[in-house]
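A.B. asks: If you scroll down you'll find the structure; I have some questions about it.
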Amino acid sequence: MIRVLIADDQEMVRMGFRMILDAQDDIEVVADVPDGVSAVAKARELRPDVCLLDIRMPGLDGLEVTRQLAGPDVADPLKVVVVTTFDLDEYVHTALRNGASGFLLKDAGPALLIEAVRAADRGDALVSPQVTVRLLKHFDGGNTAKREAPAPSEPLTARELDVVKAAARGLTNTEIGAELFLSLSTVKTHLASVQGKVGARNRVEIAAWAWRSGVVE
């Protein structure tokens with residue numbers, strides 16, 4: 001059972017998300033809260049599998065909550081999906097930099113919301129399709145961005161590069177396996193190896209590294 005915490009300052013949104021998610025056999029909403037301070041407290045108390053966070057909330061906004069629950073300095077990070085009305089590049093970059101596993105727009109629809117929760121739980125990342133293309137173009141935006149990408153600690157194998165390129169295009173592990181004729185466990189092994197080599201914490205950071213370093217053109 002995937003245990004979910006919802007944080008949004010609009011009660012109707014929380015009710016709607018709860019109805020959608022609780023209707024799934026494999027998902028249970030364990031708490032819903034109206035502000036960022038409560039979100040941090042409840043998340044640390046309950047340790048849900050996935051936290052769904054709005055960006056604009058009283059107290060602490062969703063980006064700061066993400067940083068406190070999933071950021072680079074968190075010893076035992078939680079999985080966070082940011083869900084927002086505001087499709088601003090600045091929000092997307094900050095959310096992902098702060099450790100978010102996914103970024104969804106509220107109008108993405110129930111199916112994508114459910115899939116984002118399941119993806120985050122299994123270690124995949126899901127970013128709204130509208131956001132993905134712009135996000136990746138940003139990472140690919142000129143030589144300055146590319147110079148920011150650290151060199152891997154050891155060279156990636158040809159197969160690892162294939163997997164990285166597919167992940168950078170937004171494919172899930174299952175889709176990568178189908179495209180490259182690899183088992184799911186092999187895909188996961190390659191991604192884990194790449195994470196170690198490039199110092200990434202999740203597949204979103206692998207994708208970002210791929211675009212910054214010019215692996216994906």
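A.B. asks: Which count do you get for residues in segment 1-55 that are modelled with pLDDT under 95 and within 18 Å of the chain's Cα centre (by Cα)?
C.D. replies: Residues that pass the stated criteria total 2.
A.B. asks: Identify the residue in segment 171-187 that is in a helix (DSSP H, G or I) and surrounded by fewer than 18 Cβ atoms within 10 Å (Cβ to Cβ) and, among all such residues, is modelled with the lowest pLDDT.
C.D. replies: Taking segment 171-187 first, the residues in a helix (DSSP H, G or I) are 173-180, 184-187.
Filter once more, keeping what is surrounded by fewer than 18 Cβ atoms within 10 Å (Cβ to Cβ): 174-175, 178-180, 184-186.
Working: Thr174: 82, Glu175: 85, Ala178: 94, Glu179: 95, Leu180: 95, Leu184: 88, Ser185: 91, Thr186: 94.
Here the answer is Thr174.
A.B. asks: Suppose we keep only residues that are among the acidic types (Asp, Glu), in contact (Cβ under 8 Å) with a residue 24 or more places away in the chain and over 13 Å from Gly62 (Cα atoms) within segment 1-50. Which one would you say is surrounded by the fewest Cβ atoms within 10 Å (Cβ to Cβ)? So that I can check it myself, show each step before the final result.
C.D. replies: Of all residues in segment 1-50, those among the acidic types (Asp, Glu) come to 8-9, 11, 22, 25-26, 28, 32, 35, 45, 49.
From the residues that got through so far, the ones that are in contact (Cβ under 8 Å) with a residue 24 or more places away in the chain too are 8-9, 26, 28, 32, 35, 49.
Of the ones still in play, those that are also over 13 Å from Gly62 (Cα atoms) are 26, 28, 32, 49.
Working: Asp26: 11, Glu28: 14, Asp32: 20, Asp49: 20.
Looking at residues that are among the acidic types (Asp, Glu), in contact (Cβ under 8 Å) with a residue 24 or more places away in the chain and over 13 Å from Gly62 (Cα atoms), I get Asp26.
A.B. asks: Of all residues in segment 85-103, count the ones that are surrounded by fewer than 22 Cβ atoms within 10 Å (Cβ to Cβ) and closer than 28 Å to Ala23 by Cα.
C.D. replies: Start the filter on segment 85-103 by keeping residues that are surrounded by fewer than 22 Cβ atoms within 10 Å (Cβ to Cβ), which leaves 85-91, 93-94, 97-98.
Applying the additional criterion that residues be closer than 28 Å to Ala23 by Cα yields 85-87.
Result for segment 85-103: 3.
A.B. asks: Residues Ser193, Ser153: which one is touching a Ser or Thr at 6+ places or on another chain (Cβ under 9 Å) and at pLDDT 90 or above?
C.D. replies: Working: Ser153 fails: touching a Ser or Thr at 6+ places or on another chain (Cβ under 9 Å).
Just one listed residue meets the conditions, Ser193.
A.B. asks: Now for a separate question. Give Leu53, Leu69, Leu63 a once-over and let me know the one that is farther than 15 Å from Asp9 by Cβ, open to solvent by less than 50 Å² (accessible area, probe 1.4 Å), among the hydrophobic types (A, V, I, L, M, F, W, C) and in contact with a strand residue (DSSP E or B) (Cβ under 8 Å, 6 or more places away or on another chain).
C.D. replies: On the way: Leu53 fails: farther than 15 Å from Asp9 by Cβ; Leu63 fails: farther than 15 Å from Asp9 by Cβ.
The match here is Leu69.
A.B. asks: Please go through (1) touching a residue at least 60 places away in the same chain (Cβ under 8 Å); (2) in contact with a helix residue (DSSP H, G or I) (Cβ under 6 Å, 6 or more places away or on another chain) for Leu53 and return the number of the only condition it doesn't satisfy.
C.D. replies: (1)
A.B. asks: Within segment 190-202, how many residues are open to solvent by 20 Å² or more (accessible area, probe 1.4 Å) and either in a helix (DSSP H, G or I) or of a type outside the set (D, E, K, R) (or both)? So that I can check it myself, show each step before the final result.
C.D. replies: First, pick out the residues of segment 190-202 that are open to solvent by 20 Å² or more (accessible area, probe 1.4 Å): 190, 192-193, 195-197, 199, 201-202.
If we keep only those that are either in a helix (DSSP H, G or I) or of a type outside the set (D, E, K, R) (or both) too, we end up with 190, 192-193, 195-197, 199, 202.
Adding up the residues that qualify gives 8.
A.B. asks: Residues Val164, Val215: which one is modelled with pLDDT of 80 or more, open to solvent by 10 Å² or more (accessible area, probe 1.4 Å) and of a type outside the set (D, E, K, R)?
C.D. replies: Working: Val164 fails: open to solvent by 10 Å² or more (accessible area, probe 1.4 Å).
Val215 is the lone residue from the list that is modelled with pLDDT of 80 or more, open to solvent by 10 Å² or more (accessible area, probe 1.4 Å) and of a type outside the set (D, E, K, R).
A.B. asks: Right, next: Taking interchain pairs and intrachain pairs at least six residues apart, which have beta carbon atoms under 7 angstrom, with the first residue in segment 108-129 and at pLDDT below 80 and the second open to solvent by 50 Å² or more (accessible area, probe 1.4 Å) and part of a helix (DSSP H, G or I)?
C.D. replies: From segment 108-129, the pairs are Leu126/Glu115.
The values are calculated or read from the model by the stated rules, or taken from the named source; none is laboratory data. Note that the structure is predicted; figures quoted are calculated from it, not measured. Counting neighbours? That spans all protein chains shown, and the Cβs are built from the backbone with ideal geometry, glycine included. Calculation scope for accessible area: heavy atoms of the full protein, side chains included, ligands and nucleic acids excluded. Shrake-Rupley method; radii C 1.70, N 1.55, O 1.52, S 1.80 Å.
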